[in-house]
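These notes concern the structure reproduced below.
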Amino acid sequence: MNTIKRFGIAVGFLLIVVIPIALAQNGNSLEGRVLLPNGSPPPHPVKVTLTYSGVRIYETFTDLSGRFSFSGLRRGVYQLEAEGDSQSFETTRVSAEVTQFGSAPLSYTQNIPLKMIPGKTLPKAETVSLEELDSSIPQKARDDFRKGMKRAEDNRPEDAIKLFKQAIEQAPAFYLAHLSMADQFLKTRRYEEAATEYQKAAELKPDKAEPLNGLGSALIGLRRYGEGLPHLKKVVDLGKATAGTYMYLGLAETMTGEYDAAEADLLRAYSMNKSSLAHIYLANLYELKGEPAKAIEQLQAFLKENPESPQSEQIRGAIEKLKRQTAKKK
């Protein structure tokens, strides 16, 4: 397997999935939960996209409780999109209005109620109640875990982490505590700690896709692409891959030289949720493969879908650079 020695044309874009696009500072915040029809969160992280005036400006993933949050928002009407999993629930879109008039930032809430794919039943949720009732887990650990989940739902990740740690100190084999703490570490971009906790959760429940998906994501955040690959591939083998899984997988395959597999997975990710980020990743891939015409096509597609993107100027510069390279070859 060849190892990539350099980035492609879009240096700085490659980690955009794990390092979100920056928004205006000191603005309003918008948070909520992605919920199944029965009121419970989905059994795995769901990608939530924030759009304004037709432009995708922010993407994130829900935590174990289904919660998401965005900050730095100006006044206006935003669209929220929760990505479907192609197995049980559809991609769902709702609107949220930020109506702040004064100078003090405010917090707004908008949940996203998911719609089931016709003919599909609710997915099997994590057995939180069964694990909490496990007699091998001390009552104090269960209480700390419940409190930690509440802090996570209130978007207080540091407080949640402390409580999950306390639960694990009393019950080292508490799978959901490890998984929940890992989610909070990933949310706060503490990738090394997230990877450690996802690994522990995966060892406790090797048949679960959630810790493997999280572990792969954390390793990519650390730019340890080769280490993240097998975990993401196993998620695919388990039949639990989402568009986000394929996006991470395509990025890791690009950076480790598995070009054909990367192209297939990135195209699969785009077909599942139409995320414009796939165009950037594909452009990098095609530039590395020595196919500048295809790279230009992908960058132009990104600009068409995101005409007001903060990265537009850089992308246009990359297009011109590719055009000059193409002209020299002729």
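Each row is one residue, and each column tells you yes or no for (1) more than 20 Å from V34 (Cβ to Cβ); (2) modelled with pLDDT of 95 or more.
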{"site": "D134", "(1), (2)": "yes, no"}
{"site": "Q139", "(1), (2)": "yes, no"}
{"site": "R142", "(1), (2)": "yes, no"}
{"site": "K162", "(1), (2)": "yes, yes"}
{"site": "K165", "(1), (2)": "yes, yes"}
{"site": "K187", "(1), (2)": "no, no"}
{"site": "K205", "(1), (2)": "yes, no"}
Taking the options A262, A209, name whichever one is buried (at least 21 other Cβ atoms within 10 Å of the Cβ) and at pLDDT 95 or above. A262
Here are A171, A152: which of them is in contact with a Ser or Thr (Cβ under 9 Å, 6 or more places away or on another chain), touching a residue at least 60 places away in the same chain (Cβ under 8 Å), over 27 Å from P230 (Cα atoms) and not assigned by TED's automatic domain parsing to the domain that holds Y246? A152
For A278, indicate whether it is over 21 Å from R56 (Cβ atoms) and either assigned by TED's automatic domain parsing to the domain that holds S86 or buried (at least 24 other Cβ atoms within 10 Å of the Cβ) (or both). no
Does region 24-41 contain at least one residue that is crowded, with 20+ Cβ neighbours inside 10 Å, within 27 Å of I117 (Cα to Cα) and either modelled with pLDDT under 80 or among the hydroxyl-bearing types (S, T, Y) (or both)? no
Hey, among the residues in region 63-117 that are on the phi > 0 side of the Ramachandran plot and in a strand (DSSP E or B), which one's modelled with the highest pLDDT? G76
Only one of I220, I319, I296 is within 23 Å of V48 (Cα to Cα) and in a helix (DSSP H, G or I). Can you tell me which? I220
So is R223 under 20 Å from T60 (Cα atoms), in contact (Cβ under 8 Å) with a residue 40 or more places away in the chain and among the basic types (K, R) or not? yes
If the requirement is being closer than 16 Å to P45 by Cβ and part of a helix (DSSP H, G or I), which of these qualifies: T254, T245? T245
Can you list residue pairs whose Cβ atoms sit under 9 Å apart, with the first residue in region 194-214 being outside any helix (DSSP H, G or I) and the second being buried (at least 19 other Cβ atoms within 10 Å of the Cβ) and of a type in the set (A, V, I, L, M)? Count only pairs 6 or more apart in sequence or on different chains. K205/L179; P206/L212; K208/L179; K208/A201; K208/A202
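The values are calculated or read from the model by the stated rules, or taken from the named source; none is laboratory data. None of the values given here were measured: they were computed from a predicted structure. In this analysis, Cβ positions are derived from the backbone assuming ideal geometry, glycine residues included, and neighbour counts consider all displayed protein chains.
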